[in-house]
Amino acid sequence: MEMRGIIFGVLLSLLSMVWGEDPYINHTWNVTYGIISPLGVPQQGILINGKFPGPSINTTSNNNLIVNVFNNLDEPLLFTWNGIQHRKNSWQDGVAGTNCPIPPGTNFTYRMQVKDQIGSFFYYPSTALHRAAGGFGSHRINSRLLIPVPYHDPEDEFDVVIGDWYTKSHTTLRKFLDSGRSIGRPEGVLINGKTAKGDGSDQPLFTVKPEKTYKIRVCNVGMKFSLNFRIQGHPLTVVEIEGSHVVQNQYESLDVHIGGCFSVLFTANKDPKDYYMVASTRFSKTVLTGKGIIRYTNGKSGPSPDIPEAPVGWAWSLNQFHSFRWNLTASAARPNPQGSYKYAKIEITRTIKLINSVSRENGKLRYALNGVSHEDPETPLKLAEYYGVADKVFKYNTIKDDPSSDVGTTVKIQPNVLSLDHRKFIEIIFENHEKSIQVYHIDGYAFFAVGIQPGKWTPEKRNSYNPLDAISRHTIQVFPKSWAAVLMSTDNVGMWNLRSMTTENMYLGQQMYFSIISPERSLRDEYNIPDNALICGVVKGLPKPPPYT
C-alpha cells in the first residue's frame, strides 16, 4: 500500500507539470505508537514516521497538498488541519462531523489545496483524545514569490509548537472524561516535544548567527492552558497572526492561546551565548514552564538561569489583544492590499450569540453552547446531509440565535447544527459567564475579531468594535465574565466545526457545526464527494447521489 501511495504522488506531480496546475506537495505518513519521555516519564505516544512531534509541512499558497495516512494504531483515526480553509471542500476537514475515521490497519489520502492562504498553522489528530498522545505538527504556508511580504527575508525560519502536556496516556484521560470526570491539570509544558533540563546537557533547539534576523512560527497545540512565549533578552516583532500580516509592533512576550499561531522576528544581537526560549502557563494556579535553548554560533557560555517572568492576570492579555492590528497596506495571499476589504461597511444579516455553560448533573461533567452539549452521531453530519438523510441523523437549529442570558446548568446532549444561508455576512457573539478563559476556533473560515470586552454583550456594544483594522484570523479568546465578537462572510459551502480549543470542553460537548448549503448543487460552490471518501453509518450501502455539475 505504501508503494502505491508513492506512485500516486509521483503521477500527480507529473500531471501537474503537463497540465500547468499548481504544484503538488506529497507526504506519506506512517502513524504508530511509540515510547516517548518528553517530561522524563516513559509513556505511549503517537508518532508520525517515527517522529514526535510529527513532520513539519512546508507549502506555498495555492499548492495542492496530498497526505497519505497509514493508520497503524489500534483505534480509528482522523487528522484535522487547524486554520486551513478547505475552500468548497469540507470533505477534507478531518473531524467527526465530516469524515468517517480511518480504520486501524488501513490508509486514507487527504487531498486539499491551501487556496489563497499564507501564514502559520498546525495539524493534529481530532478523534478519541489522540491529541494527548502526540500526532501534531506545524504547517507553514509561504507567500508566492510574486507577492512581496512586508519585511526583509530572514536568515532562516524556525517552526515551534508549544503546548501543555500530560504524562497519563490518552486512553486513561479519555476514561476520565467518559466517566464524567475532569482530566485535571497537566504535568508540564513542551517546546517542540521537549523541555530543557538546565543541567548543561541540553542540545540547542536552534543555532543562530550573530547580528542576523530570524523568523519563528509559534503555535499553541496544547490542551488546556494559554501560554506566554518569550526569549531571554530578545524582543519579538510580530509580523503575522493566523494568516494575516499585522502592524509590526514589538513585544517582550506574547500570550499564545490554544489553537493560535504567531510569526515573529528576532535579531541575534545580544552577548554571544545560549538563551532560553520560554513558554509558561497563563491563568493557572501553579505556573508550569517549558524551556528550549537558542545558541549563538560564537556562543561562549550557557543560558542564564534567571527566566523572565510572564505577566499576571488577564487584563494584560486583553490589552495585548487590542494592540494587534491588521497591516492595511500589505498584500496577503493575493496582490490586493488587505485593507481593501471594508468589513465594517457590510450589512450584518444575522447575529448569533453563543453562551458557554457547564453541567455537573448526576455527577457527570458536560459542557455546552446555548444549553446543547454536542454529541457526534455514528454517521458524519456531512455525509447524512449529502445523501439526503439528515433527518435520520440530526435536527437543524435546535438552539436559538439569542438565548436567554441565563442558560442554566441543565443541558441537552445531541448533535448541535445551525443552518446558515450561503453568501451572507453574520455576527457571532461569544459570551463567557464562567470564571475560566474560553478559546474558540471555526473550521473553513477566517473571521474578523472586532471586539473583546468585560461584561455581557448588547447591541450598543457594536459602537466599541474595531471598524478599520481588526485581524482576519481563525481563533478567538473570551476572557472570564466577558464577551468577544467576530464578523464572518458565509461564503464557503460545507459542514464546518466550531469548537472550544480546550480539549476537555470540546470532547464533552462544547462544540457545534455550521451547515452552509448551496441550493444550486453546483461545482462552482462545492466539490463532489471524493472518490476515496470513507462511507459509514446509515449511508453505508446507499446509492451515491448524482454528482454536482
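The values are calculated or read from the model by the stated rules, or taken from the named source; none is laboratory data. Because the structure is predicted, anything quoted here is derived from the model rather than measured. No Cβ is skipped: glycine too gets one built from the backbone with ideal geometry, and neighbour counts run over all protein chains shown. Calculation scope for accessible area: heavy atoms of the full protein, side chains included, ligands and nucleic acids excluded. Shrake-Rupley method; radii C 1.70, N 1.55, O 1.52, S 1.80 Å.
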- [ ] Pick out the one residue from 198, 180 that is at positive phi and in contact with a helix residue (DSSP H, G or I) (Cβ under 7 Å, 6 or more places away or on another chain).
- [x] 180
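If you go through the range 489-506 one residue at a time, do you hit one that is part of a loop (DSSP other than H, G, I, E, B), under 30 Å from residue 342 (Cβ atoms), modelled with pLDDT of 95 or more and open to solvent by 30 Å² or more (accessible area, probe 1.4 Å)?
Yes, because at least one residue in the range 489-506 is part of a loop (DSSP other than H, G, I, E, B), under 30 Å from residue 342 (Cβ atoms), modelled with pLDDT of 95 or more and open to solvent by 30 Å² or more (accessible area, probe 1.4 Å).
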Task: Subset tally (residues that are in contact with a strand residue (DSSP E or B) (Cβ under 7 Å, 6 or more places away or on another chain), more than 24 Å from residue 190 (Cβ to Cβ) and open to solvent by 30 Å² or more (accessible area, probe 1.4 Å)) for the range 302-337 - done: 4
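Output yes when any residue across the range 456-470 is under 30 Å from residue 325 (Cβ atoms) and open to solvent by less than 10 Å² (accessible area, probe 1.4 Å), and no when none is.
At the first step, the residues of the range 456-470 found to be under 30 Å from residue 325 (Cβ atoms) are 456-470.
Restricting the remaining residues to those that are open to solvent by less than 10 Å² (accessible area, probe 1.4 Å) gives 470.
Yes, there is a match, as at least one residue in the range 456-470 is under 30 Å from residue 325 (Cβ atoms) and open to solvent by less than 10 Å² (accessible area, probe 1.4 Å).
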TODO: Say whether the condition of being in contact with a Gly (Cβ under 8 Å, 6 or more places away or on another chain), in contact (Cβ under 8 Å) with a residue 40 or more places away in the chain and acidic (Asp, Glu) is met by at least one residue in the range 400-418.
DONE: no
Open item on the list: So the check is Cβ under 8 Å with 6+ separation or different chains; which pairs have a first residue in the range 46-75 that's over 30 Å from residue 146 (Cβ atoms) and a second one that's assigned to a loop (DSSP other than H, G, I, E, B) and β-branched (Val, Ile, Thr)?
Closed with: 53/221; 70/106; 71/106; 75/127
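If you go through the range 156-196 one residue at a time, how many are assigned to a loop (DSSP other than H, G, I, E, B) and either within 19 Å of the chain's Cα centre (by Cα) or under 25 Å from residue 23 (Cβ atoms) (or both)?
Narrowing the range 156-196 to residues assigned to a loop (DSSP other than H, G, I, E, B): 166-169, 179-187, 192-193, 195-196.
Now narrow it down to the ones that are either within 19 Å of the chain's Cα centre (by Cα) or under 25 Å from residue 23 (Cβ atoms) (or both): 192-193.
The total comes to 2.
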Task: the range 108-129 residues that are at pLDDT 95 or above, paired with ones that are among the acidic types (Asp, Glu) and open to solvent by less than 20 Å² (accessible area, probe 1.4 Å) (beta carbon under 6 Å, 6 or more apart) - done: 119/240
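Can residue 382 be described as under 26 Å from residue 439 (Cβ atoms) and open to solvent by 50 Å² or more (accessible area, probe 1.4 Å)? Outline the logic, then answer.
Working: under 26 Å from residue 439 (Cβ atoms): yes; open to solvent by 50 Å² or more (accessible area, probe 1.4 Å): no.
Considered against the rule, which asks whether it is under 26 Å from residue 439 (Cβ atoms) and open to solvent by 50 Å² or more (accessible area, probe 1.4 Å), residue 382 comes out as no.
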Task: Pairs, first more than 19 Å from residue 177 (Cβ to Cβ) and among the basic types (Lys, Arg) in the range 357-382, second modelled with pLDDT of 95 or more and in a loop (DSSP other than H, G, I, E, B), C-beta under 7 Å, six or more apart - done: 382/97; 382/98
- [ ] All but one of (1) under 26 Å from residue 208 (Cβ atoms); (2) open to solvent by 40 Å² or more (accessible area, probe 1.4 Å) hold for residue 113, so report the exception by its number.
- [x] (1)
TODO: Starting from the range 138-155, take each residue that is within 16 Å of residue 243 (Cβ to Cβ) and list its partners that are in a loop (DSSP other than H, G, I, E, B) and open to solvent by 80 Å² or more (accessible area, probe 1.4 Å), counting only C-beta distances under 6 angstrom and pairs at least six apart or across chains.
DONE: 147/335
- [ ] Sort out which residues of the range 46-83 are open to solvent by less than 20 Å² (accessible area, probe 1.4 Å) and of a type in the set (A, V, I, L, M), and write them in order of number.
- [x] 46, 48, 57, 65, 66, 67, 69, 73, 77, 78
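Picking from 340, 359, which residue would you name as being more than 30 Å from residue 143 (Cβ to Cβ) and surrounded by fewer than 23 Cβ atoms within 10 Å (Cβ to Cβ)?
359
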- [ ] Check whether at least one residue in the range 84-101 is assigned to a strand (DSSP E or B), open to solvent by less than 10 Å² (accessible area, probe 1.4 Å) and either under 25 Å from residue 160 (Cβ atoms) or in contact with a Phe, Trp or Tyr (Cβ under 6 Å, 6 or more places away or on another chain) (or both), and report yes or no.
- [x] no
TODO: Write out, first by first residue and then by second, each pair whose Cβ atoms fall under 7 Å of each other, whose residues are 6+ apart or on separate chains, and whose first residue, in the range 296-318, is over 18 Å from residue 199 (Cα atoms) while the second is of a type in the set (Asp, Glu).
DONE: 317/255
